[in-house]
Amino acid sequence: MQVAVGTRVAVGLLVAALNGPAVAQENGWSFALSPYLWTPGISSSVGTRFGTLDANASVGDVLSATKFAAMGSFEARKGNWGLIADFLYSDLEERGETPFGVLFSRAHIDTELTMLGGYAAYRLYEDGRVALDAMGGIRATWLNVGVSLSPGALPGQTFSTDESWVDPLIGVRARIALSQHWIAMALADVGGFGAGSDLTWQVLASLGYQFNERWSVQGGWRQLSTKKDLGGRDIKLELGGPFLGLTVRF
């Protein structure tokens, strides 16, 4: 299901990019499509009947731990208003010792995560060098967590949790033109508030180089956290790491 969602989103972004120039010419909208690579370290905490299982994969470990990942964003803007879509899919594995003594010998956590965020943005301030946007929206999350505990003093155990939910979000974004070509950007949002997850938040900071009015590249750091009770199990995920992206504007 997650892969199917990712495919539909990718096709939608591609169609928007192909139709963007004609639409922009007709009604004054501008568009930006940004595929990017993000290699986050992951920290997960999963409640079990034996206690809490914590696992970590650093940024250095994540390339070997990643089965598949896809990320991207799309923005449409007209005047002070903007619409932003952000997509993330990752399938990560973590292996290690368990905190349960001799009960189990090893632990294996497989985390499949899909997030699709949508924001409406309003430009609060702009002076040609600095732009500040207020944002409100939602983030839909599909999460599948599978846990395997290898035999120790007790027989092996396996269980999984599969659930989806939608979080309301509020956020801000700032862009600063450092020079003719260099641009800094920072974004932060927070949400959930018990309506979907208990709490979700992300922060993102980047430095970009604009080749011309159409093409630019950017790199930076993205940190994302989600905490939720799923089927009586407390689950917390934290992903953070560097990213590198390419933006094309229409």
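The values are calculated or read from the model by the stated rules, or taken from the named source; none is laboratory data. Source: prediction; values computed, not measured. No Cβ is skipped: glycine too gets one built from the backbone with ideal geometry, and neighbour counts run over all protein chains shown.
Would you point out the residue of the stretch 139-163, among those that are surrounded by 16 or more Cβ atoms within 10 Å (Cβ to Cβ) and at pLDDT 85 or above, that is farthest from G192 (Cα to Cα)?
Per the stated criteria, the residue is N144.
What's the number of the only condition in (1) within 17 Å of the chain's Cα centre (by Cα); (2) not in a loop (DSSP other than H, G, I, E, B) that S150 fails to meet?
Result: S150 passes all but (1).
Counting only residues that are at pLDDT 75 or above and not in a strand (DSSP E or B), how many does the stretch 40-96 have?
3
Looking at the stretch 107-138, which of the residues that are more than 22 Å from the chain's Cα centre (by Cα) and surrounded by 15 or more Cβ atoms within 10 Å (Cβ to Cβ) is farthest from G240 (Cα to Cα)?
By that ranking, first place goes to R123.
Among the numbered criteria (1) within 25 Å of T39 (Cβ to Cβ); (2) without any contact (Cβ under 8 Å) to a residue 40 or more places away in the chain; (3) outside any strand (DSSP E or B), which one does Q180 miss?
(1)
Go through (1) at pLDDT 65 or above; (2) surrounded by 15 or more Cβ atoms within 10 Å (Cβ to Cβ); (3) among the aliphatic types (A, V, I, L, M) for L37 and report which single condition fails.
All conditions pass for L37, except number (2).
Does the stretch 148-204 hold any residues that are within 17 Å of G220 (Cβ to Cβ), of a type outside the set (A, V, I, L, M, F, W, C) and in contact with a Phe, Trp or Tyr (Cβ under 8 Å, 6 or more places away or on another chain), and which are they?
Passing the criteria: G171, H181, D189.
Within the stretch 196-212, how many residues turn out to be over 10 Å from T226 (Cβ atoms) and either among the acidic types (D, E) or part of a loop (DSSP other than H, G, I, E, B) (or both)?
2
Please determine, by comparing only the residues of the stretch 176-219 that are within 18 Å of F243 (Cα to Cα) and of a type in the set (G, A, S), which one is surrounded by the most Cβ atoms within 10 Å (Cβ to Cβ).
My answer is S206.
For the stretch 165-173, does any single residue satisfy the condition of being closer than 30 Å to I109 by Cα and either crowded, with 19+ Cβ neighbours inside 10 Å or without any contact (Cβ under 8 Å) to a residue 24 or more places away in the chain (or both)?
yes
Residues being in a strand (DSSP E or B) and either in contact with a His (Cβ under 6 Å, 6 or more places away or on another chain) or within 19 Å of V46 (Cα to Cα) (or both): count how many of those fall in the stretch 153-170.
Number of matching residues: 9.
When both residues are 6+ apart or on different chains and their Cβ atoms are under 6 Å apart, which pairs have a first residue that lies in the stretch 194-206 and is touching a residue at least 40 places away in the same chain (Cβ under 8 Å), and a second that is part of a loop (DSSP other than H, G, I, E, B)?
T200/G192
Could you check F193 against (1) over 18 Å from G72 (Cβ atoms); (2) modelled with pLDDT under 95; (3) part of a strand (DSSP E or B) and say which number it fails?
Evaluating F193 over (1) over 18 Å from G72 (Cβ atoms); (2) modelled with pLDDT under 95; (3) part of a strand (DSSP E or B) leaves (3) as the failure.
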